[in-house]
Amino acid sequence: MAITPPENRLWWNEPIERVEIGWIVVAFLWGLFMFFFMIAWHFIGGQNLSTETYRVTPAAYEEKVAAFAEKYQVDDEMGVPIVRPPAGEDVYLLGRLWEWWPILELKKGQSYRFHLSSVDWQHGFSLQPVNINISVHPGYEQIINFTPTEAGEYGIACNEYCGIGHHLMTGRIRVVE
Ligand code: CUA
């Protein structure tokens, strides 16, 4: 019984039951298997995005996105710029309390270098309905090689809780033919 102290105070020096050794070995091997499978899954699972990641200060990232938006802005919607970068260009999106900024307009079948970062807290970039999910952290700029294959209007939701306006944190990417 675990309620009473063991009779032998140095209980850890007692011989281990064979069955217990067996379970320790099983747990250890399973741990090893899971560890290496985590790495293997990156290659065989086709689920993980291979991103490049760089350090960046939130202020520097905000400046880059603002310059990008100003350069390629074609319209605006309730004060949010609609930005149409040329095909193959670097595109920038930032997350902040509580919006994804700006609205991007991309061309179907073209490849872009898609930059993503936050300028305040941790957010979750969730692109719907294709269900691409990326954690977005302040201080880190992630770059994804991105080729939209379907035209349409995609919604971005924040799927990591980031405060009182979390449920309002949405954005849009438009893909045109
Ligand atoms: Cu941003 Cu939740």
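The values are calculated or read from the model by the stated rules, or taken from the named source; none is laboratory data. Quantities reported herein were computed from a predicted structural model and do not represent experimental measurements. Note that each Cβ is placed from the backbone with ideal geometry, even for glycine, and that neighbours are counted across all protein chains shown. Areas reflect the complete protein model, heavy atoms only, side chains present, ligands, DNA and RNA absent. Shrake-Rupley method; radii C 1.70, N 1.55, O 1.52, S 1.80 Å.
Computed quantities for the displayed model
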read-out: Criterion (more than 22 Å from Ala67 (Cβ to Cβ) and either at pLDDT 95 or above or not assigned by TED's automatic domain parsing to the domain that holds Val80 (or both)) met by exactly one of Gln122, Gln128; value: Gln122
read-out: Top-ranked residue of region 46-65 - restricted to ones that are of a type outside the set (S, T, N, Q) and assigned to a loop (DSSP other than H, G, I, E, B), ranked as least open to solvent (accessible area, probe 1.4 Å); value: Val56
read-out: Scan of region 133-160 for residues that are under 22 Å from Ile82 (Cα atoms), of a type outside the set (Phe, Trp, Tyr) and part of a strand (DSSP E or B), ordered by number; value: Val136, Glu141, Gln142, Ile143, Ile144, Asn145, Gly152, Glu153, Gly155, Ile156, Ala157, Cys158
read-out: Among (1) exposed (fewer than 11 other Cβ atoms within 10 Å of the Cβ); (2) aromatic (Phe, Trp, Tyr); (3) over 30 Å from Tyr154 (Cβ atoms) - the single one Phe43 does not satisfy; value: (3)
read-out: Which numbered condition Tyr140 misses (of (1) open to solvent by 50 Å² or more (accessible area, probe 1.4 Å); (2) farther than 14 Å from Tyr61 by Cβ; (3) in contact with a Ser or Thr (Cβ under 9 Å, 6 or more places away or on another chain)); value: (2)
read-out: Residue ID - least open to solvent (accessible area, probe 1.4 Å), chosen from residues in region 66-101 that are within 16 Å of the ligand (Cβ to nearest atom) and outside any strand (DSSP E or B); value: Leu97
read-out: Residue pairs meeting the criteria (Cβ under 6 Å; at least 6 apart or on separate chains; first more than 15 Å from Tyr92 (Cβ to Cβ), in region 124-142; second β-branched (Val, Ile, Thr)); value: Leu127/Ile156
read-out: Test: residue in region 133-148 that is within 11 Å of the ligand (Cβ to nearest atom) and among the β-branched types (Val, Ile, Thr); value: yes
read-out: Residue in region 104-117 that is in a strand (DSSP E or B), surrounded by 11 or more Cβ atoms within 10 Å (Cβ to Cβ) and over 22 Å from the mean Cα position of the chain (by Cα) present; value: yes
read-out: Which listed residue, of Gly163, Gly171, is under 19 Å from Val80 (Cα atoms), of a type outside the set (Asp, Glu) and either within 10 Å of the ligand (Cβ to nearest atom) or not in a loop (DSSP other than H, G, I, E, B) (or both); value: Gly171
read-out: Some residue of region 12-27 being more than 18 Å from the chain's Cα centre (by Cα) and aromatic (Phe, Trp, Tyr); value: yes
